[in-house]
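Asks: Supplied in structure tokens, the structure appears directly below.
None of the figures in this text is laboratory data; all of them are computed from the coordinates on show. Remember, predicted model here, so these are calculated numbers, not experimental data. Neighbour counts run over all protein chains shown; Cβ positions are idealised from the backbone, glycine included.
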Amino acid sequence: MGMFKGEKVGLVGPNGSGKSTIFRMIVREELPDGGQVSIDRGVSVGYFSQDVGEMRGRTVVEETMAGAGAVADAAHELHGIEEAMADPAQADDLEAIIERYGHAQARFEELDGYALEAKAQEILTGLGFAAEVMAGDVGKLSGGWKMRVALARILLMRPDALLLDEPTNHLDIESILWLESFLKQFDGALMITSHDREFMNRIVTKIVEIDAGELTTFTGNYDFYERQREIMAQQQEAQYARQQAMLAKEEAFIARFKARASHAAQVQSRVKKLEKIERVVPPKSRKVVEFEFRQPPRSGEDVARLASVSKGYGSRVIYKGFDLLLRRRERWCVMGVNGAGKSTLLKMVAGQSKPDAGEVVVGASVTVGYFAQHAMDLLDPAVTVVETLRLKFPGATLGTLRNLAGAFGFSGDDIEKPCRVLSGGEKARLVLAAMLYDPPNFLVLDEPTNHLDMMTKETLLKALATFEGTMLFVSHDRQFLSALSNRVLEITPAGAHAYGGGYREYVAQTGREAPGVR
């Protein structure tokens, strides 16, 4: 496999197939058992992985510039002197401090630091950082936001080759769209893995599939790769079936005539012929496991109503006199920039938090299922996957529970894993499986597709596409938004705005794919 300047390659394959290993071999974090990985002299490589490492003691901007060598040290020194200038305890030394500041500033300017700092701020803004957060301590950020800083640092380097392992995992839709446009303009070589189908489709022009250690290259985007793969699998299936029929015929002849001396030569030559034949292997099954999800009991027509709702945190008012009615079979997706109050709305509707004023009323015979990232923390670490499902559905057979787990990506012995060893994605899949087996008639879902691989997303999409209840959800996945929503609620600083159609109509009407993105 080769990668050239300007090429944008998507690396795909089932979980655990070795996608991350390929990246680590390119950056020499791992060595191949055989063969070689060669990089042309002087080619710089930037690698973003989910493993962020230690981040503290610098501002967010400084941390972003940390990969830039001397200029990063100069920025850190400058920031330290600025703090000393503002410190009343050091007022007597102000003259000396100002002199030091002059030297440090000249050095920073000489290294073109201001241009780099401006570029760092531009990238951080694109990835959703507010100005005051950029100037603040990077150590105070959550893990997800530290990931964004690590990504910003790699993008600021503008290396010759960029390796991005799941860069969209912790991003909201606005940041994903910004990253998409950044990478389209990137003129180096790019290799990327992502579970965001739309993102892959818009960026990559070549797909490399890794499966059981074998690499196969397809020229085109993700949709093209999937169609080609399907054609290849059908051809292989037909070839396999033809060969199996031929082998069965030959073996029947051998079995029938092997005891007859008159046919000994013929039998011998056919046995030899069969030994020499190269066997066609059946195509690997990559089908999404089908599972028949039940339909929920019917609710009343008015599912949830918010009347004159006000809600704020401290001095920050998020909702004031807000009204909303959700009716049966409506599927509302909630759009809004970071901090607009999307999760707050879902929490109030799900009864997880109370409004400061006004009321939230859930309708007659409505049962609510609420999924948020914290739902994963409620799993019992000592209990296995299959036991978790059995405790929730004691009447279900083991076969049914195996099928349910299989539909959400737990195959074979995976169902015997205790929850403590599950990854974030596995936990999310387990919680969703438990929620959808016997679904409530009103689903409130806060980013249900975070951490999910493409195949589990397909299962979830299929389950929800035929769901006859009502939905209120937040998602950063455009495929998910397009396929499921039939109403859009956009929350902006100027107030909330409802759109009659789904996400596709919202994009057509507003000319933007997310609030604040042109």
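Asks: Among the aspartates and glutamates, select those whose C-alpha is under 18 Å from the C-alpha of residue 119, and discard any that sit fewer than 8 residues away in the same chain.
Replies: Cross-link targets: 62, 63, 73, 109, 110, 132, 160, 180, 187.
Asks: Strictly greater than 12 Å: what percent of every Cα pair in the stretch 316-365 meets that?
Replies: Here the long-distance tail beyond 12 Å is 70 percent of all Cα pairs in the stretch 316-365.
Asks: Moving on. For the stretch 130-258, evaluate the Debye formula with one uniform point scatterer on each Cα (no solvent term) and list log10 I(q)/I(0) at q = 0.15, 0.16, 0.20 Å⁻¹, rounded to two decimals.
Replies: Results for the stretch 130-258 at q = 0.15, 0.16, 0.20 Å⁻¹ read -0.84, -0.92, -1.20.
Asks: So what's the stretch 197-244 giving for Rg/Rh, alpha carbon basis, Kirkwood Rh from the mean inverse pair distance?
Replies: Checking Rg against Rh, the ratio lands at 1.09.
Asks: If I take the Cα coordinates of the stretch 198-328 and project them onto the principal axes, what are the three extents in Å, biggest first?
Replies: 97, 42, 23
Asks: Here is a follow-up. Mind checking which lysines have their Cα closer than 27 Å to the Cα of residue 311? Skip sequence neighbours fewer than 8 apart in that chain.
Replies: Residue 311 reaches 140, 320, 342, 347, 354.
Asks: Roughly what would the spin-label model give for residue 125 and residue 382, points 7 Å off Cα along C-beta, in nm?
Replies: Modelled inter-label distance: 5.3 nm.
Asks: Please list, or write none, the lysines whose alpha carbon is within less than 28 Å of the alpha carbon of residue 249, excluding same-chain residues fewer than 8 places away.
Replies: Here the lysines satisfying the reach criterion relative to residue 249 are 258, 272, 273, 276, 284.
Asks: Among 450, 394, 346, which residue has its Cα furthest toward the positive end of the charge dipole of the stretch 302-510, with +1 on Lys/Arg Cβ and -1 on Asp/Glu Cβ?
Replies: The Cα lying farthest towards the positive end belongs to 346.
Asks: Would you compute the Debye intensity of the stretch 1-110 from its alpha-carbon atoms alone, equal scatterers and no solvent, and pass along log10 I(q)/I(0) at q = 0.09, 0.13, 0.15, 0.24 Å⁻¹ to two decimals?
Replies: Each listed q corresponds, in turn, to -0.46, -0.72, -0.83, -1.35.
Asks: Would you work out which of 222, 247, 269 lies farthest towards the positive end of the dipole of the stretch 184-271? Charges go on Cβ: Lys and Arg +1, Asp and Glu -1.
Replies: Projecting each Cα onto the dipole axis, the largest value belongs to 269.
Asks: Which FRET efficiency value, to the nearest 0.05, do you get for residue 70 and residue 29 by plugging their Cβ-Cβ distance into 1/(1 + (r/R0)^6) with R0 = 25 Å?
Replies: 0.50
Asks: Taking the Cα-to-Cβ direction at residue 94 and at residue 41 and moving 7 Å from each Cα, how far apart do the two end points lie in nm?
Replies: My value for the distance between the label points is 5.6 nm.
Asks: HN-Hα J couplings of the stretch 373-378 from phi, Karplus 6.51/-1.76/1.60, θ = phi - 60°, integer Hz, Gly and Pro as x?
Replies: Taking θ as phi minus 60°, the curve returns 4, 6, 4, 5, 6, 7 Hz for the stretch 373-378.
Asks: Rank the residues 240, 319 as a footprinting-exposure proxy: fewest other Cβ atoms within 10 Å of their Cβ go first.
Replies: 240, 319
Asks: Counting only residues 5 or more places away or on other chains, whose amide H sits under 5 Å from the amide H of residue 492 once H atoms are built in the peptide plane?
Replies: Amide H to amide H, under 5 Å and 5 or more residues apart or across chains, residue 492 pairs with 497.
Asks: Can you order the peptides 338-351, 384-397 by their average number of other Cβ atoms within 10 Å per residue, highest first?
Replies: 338-351, 384-397
Asks: Related question: Just to be sure I understand the model, the point goes 7 Å from the Cα along the line to the Cβ. What's the resulting residue 262 to residue 352 distance in nm?
Replies: 8.2 nm
Asks: Residues in the stretch 2-34, backbone N under 20 Å from the label point at residue 219 (7 Å along the Cα-to-beta-carbon vector): list them, ranges by number please.
Replies: Those under the cut-off are 2-12.
Asks: Using only Cα atoms, find the angle between the long axis of helix 424-436 and the longest principal axis of the chain, and express it within 0 to 90 degrees, rounded to the nearest 10.
Replies: 70 degrees
Asks: Right, here's the next one. Can you tell me which of 476-489, 184-197 comes out highest on packing, and rank the rest after it, using the mean Cβ neighbours within 10 Å?
Replies: Peptide ranking by packing, descending: 476-489, 184-197.
Asks: Let me know the volume per residue of the alpha-carbon convex hull for the chain, in Å³.
Replies: So the per-residue Cα hull volume is 211 Å³.
Asks: Based on alpha-carbon centroids, what's the gap between the stretch 292-334 and the stretch 465-504 in Å, whole number please?
Replies: 12 Å
Asks: Separate question: Could you pull the Cα extents of the stretch 341-391 along its three principal axes, largest to smallest, in whole Å?
Replies: Largest first, the stretch 341-391 extends 42, 26, 14 Å along its Cα principal axes.
Asks: Also, quick follow-up: For the stretch 302-510, which semi-axes, largest first and in whole Å, follow from the square roots of 5 times the eigenvalues of its Cα gyration tensor?
Replies: Semi-axis lengths for the stretch 302-510 are 31, 18, 16 Å.
Asks: Taking the mean number of other Cβ atoms within 10 Å as a proxy for protection, how do you rank 170-180, 257-267 from highest to lowest?
Replies: Going from most to least packed, we get 170-180, 257-267.
Asks: Okay, moving on. Could you list the square roots of 5 times each eigenvalue of the Cα gyration tensor of the stretch 225-276, that is, the equivalent ellipsoid semi-axes, sorted largest first and rounded to whole Å?
Replies: 35, 9, 5
Asks: Would you pull out the residues with amide H under 5 Å of residue 322's amide H, same chain only if 5 or more places away, H placed 1.01 Å from N?
Replies: Excluding prolines and chain starts, which carry no amide H, the hits are 308, 309, 310.
Asks: Next up: Could you run the Karplus curve 6.51 cos²θ - 1.76 cosθ + 1.60 with θ = phi - 60° over the stretch 501-507 and give me ³J(HN,Hα) per residue in whole Hz, x for Gly and Pro?
Replies: Per-residue couplings from phi come out as x, x, 4, 4, 5, 4, 4 Hz.
Asks: Further question on the same structure: Find which of 376, 234, 315 sits farthest along the positive direction of the dipole of the chain, computed with +1 on the beta-carbon of Lys and Arg, -1 on that of Asp and Glu, about the Cα centre.
Replies: 234
Asks: Please determine, in degrees from 0 to 90 and to the nearest 10, the orientation of helix 264-276 with respect to the longest principal axis defined by the Cα atoms of the chain, where the helix direction is its Cα long axis.
Replies: Result, in degrees: 0.
Asks: Compute the acute angle (0 to 90°) between the alpha-carbon long axis of helix 70-85 and the principal axis of greatest extent of the alpha-carbon atoms of the chain; round to the nearest 10°.
Replies: Here the helix axis deviates by roughly 40 degrees.
Asks: Taking only the alpha carbons of the stretch 8-224, what extent do you get along each of the three principal axes, in Å, biggest first?
Replies: Over the stretch 8-224, Cα extents along the principal axes are 68, 37, 27 Å.
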